1. Non-local amide H neighbours of A:Ile223 (under 5 Å, H modeled in plane, Pro and chain starts lacking H): which ones?
2. Rounded to two decimals, what ratio of Rg to Rh does the protein assembly as shown give with C-alpha atoms and a Kirkwood Rh?
3. Roughly what % antiparallel, to the nearest 5, for the DSSP beta bridges in chain A?
4. Residues with amide H under 5 Å of B:Glu37's amide H, sequence separation 5 or more or different chain, H placed in the peptide plane at 1.01 Å from N; which?
5. Quickly estimate the mean residue ellipticity at 222 nm for chain B, helices only: each DSSP H run with n ≥ 4 gives -39500 (n - 2.57), and the total goes over all residues, rounded to 500.
6. Per residue of B:84-93, how many C-beta atoms from partner chains lie within 10 Å of its own C-beta, taken as a mean?
7. Work out from phi, with θ = phi - 60° and the Karplus expression 6.51 cos²θ - 1.76 cosθ + 1.60, the ³J(HN,Hα) of each residue of region A:106-122, listed in order in whole Hz, and give x for Gly and Pro.
8. Amide H neighbours of A:Trp69 under 5 Å, counting only residues 5+ apart in sequence or on other chains, H built in-plane at 1.01 Å?
Amino acid sequence: MMGIEAITGRYVTVEVEGRALRIYFEEAGQGRPVLCLHTAGADTRQWRHLMNDAEVTAANRLIAFDMPWHGKSLPPEGFQTEEYLLTTEAYIETILAVIDALGLERPVLAGCSMGGRIALQLAALHPGRFSGFIAIEASDFQPAWYDIDWFHRPDAHGGEMGAALVSANISPHAPDVERWNTLWMFMASGPGVFRGDLSFYTKDDSLIGRLGRIDTAKTPVHIIVGAYDLTCTPEDAQRTADAIPGATLAVMDELGHFPMSEHPEGFRPFFIEALAKMPAGKARAEAAA
Amino acid sequence: MIDQLAMMQARLNATPHLLRLGRLFCETVLLSVDGDEYYLTFEKGRLEAITPGPSRKTPYRFALLTDAEALAEFWRPVPKPGFHDLFGLVKMGRGQVAGDILSLVKNLRFFKEFMALPREMAKEAA
């Protein structure tokens with residue numbers, strides 16, 4: 001597609017854990033706010049296809065931001081002597097700080113992989129800040145079958161190794177161009193960032209005991225999972241959905257772990273279906289009143 | 001299997017981007033299929049030798065152990081879920097990685113694309 005896209009990008013500085021963080025965010029569309037979270041080791045570019053989808057953005061304002069250390073968001077001051085290890089607490093604080101800074105009123109939260117995991121944490125811990133949750137390739141907990149230290153070492157390129165590893169999660173139905181655009185983000189991520197994300201994703205199992213407290217009557221939860229996802233399998237997603245009373249689940253037979261990025265056309269109908277399950281603008285306003 | 005490996009060898013050695021990715025890869029890899037051993041000797045990314053086993057005296061850096069049925073599905077243009085990646089085979093219990101796994105991970109893209117060459121050839125033939 002030639003020409004200028006509808007997506008616009010800006011920066012916002014927020015405070016998380018007492019430190020200033022310069023965050024890059026993008027948005028497109030108007031209407032109901034939908035905050036989109038990228039996966040581990042990647043950035044906002046994963047959402048660009050949906051943000052360029054006129055049918056989606058006609059009534060939805062899609063906003064995505066790069067987590068600190070990712071994409072065009074900087075790491076915090078002093079990072080050069082710091083070991084990046086994402087925690088549930090910092091992740092939640094960052095998301096809530098971005099929502100406050102952008103003045104978003106009860107957005108729908110759509111997150112993929114670790115973004116889906118934190119979406120479910122927020123559904124349990126801060127439901128009043130959101131109107132609903134779309135948890136993509138999301139599950140209660142995934143222990144690592146690999147050594148996360150592989151991806152940050154002085155004698156090898158962590159990004160290239162990380163990309164080669166996560167290629168296991170991309171569906172063979174994905175168009176080649178989008179497979180490689182998806183992997184490029186992993187190849188280009190900062191040193192130790194994928195490892196630090198995986199630390200959160202593969203070591204923090206605190207969500208398991210919280211799933212039962214999610215009230216889907218107030219904030220719906222819809223989980224979407226791809227059959228070619230080796231990390232969060234349909235069985236993992238089903239187990240998670242079963243633990244959340246009222247949660248719904250859709251299985252995508254031809255997609256993998258990065259559906260919005262690896263195979264935009266294949267994912268599109270599932271995302272539109274998910275949006276339809278979320279409260280509309282008017283209902284959100286009434287629920288908030 | 002030996003014919004298949006010979007075709008993979010010819011294809012690898014004629015694929016510039018794989019030779020570039022594998023330019024530092026000088027190792028012997030054991031591929032075991034239904035218990036039949038094949039020692040694959042790579043030199044600067046080129047597959048220089050395919051030596052059938054069994055052998056108890058051939059050192060290897062890492063090994064991939066699997067079965068012919070799983071490999072046949074892995075090599076289809078569009079494999080079933082789980083069969084689409086070497087680590088999928090491992091996760092399903094249809095494959096095992098042994099030896100120096102870090103050496104495999106450092107050269108993961110190279111080795112995965114080498115192992116998937118028959119899939120590329122099947123796509124071209126379709």
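1. Distant-sequence amide H within range of A:Ile223: A:Ala135, A:Thr248, A:Leu249, A:Ala250.
2. That ratio equals 1.00.
3. Antiparallel: roughly 35 percent of the beta bridges in chain A.
4. Amide H to amide H, under 5 Å and 5 or more residues apart or across chains, B:Glu37 pairs with B:Gly53.
5. Mean residue ellipticity at 222 nm (helix-derived): -11000 deg cm²/dmol.
6. Per-residue shielding by partner chains comes out at 4.
7. Residue by residue, region A:106-122 yields 6, x, 6, 10, 10, x, 10, 6, 5, x, x, 4, 6, 4, 6, 4, 5 Hz.
8. For A:Trp69, whose amide H was placed from the backbone, the distant partners under 5 Å are A:Leu74.
No value in this document is a laboratory result; all are computed from the given coordinates. Owing to the predicted nature of the structure, the values given are computational and were not obtained by experimental measurement. Neighbour counts are summed over all protein chains in view; Cβ atoms, including those assigned to glycine, are modelled from backbone coordinates with ideal geometry.
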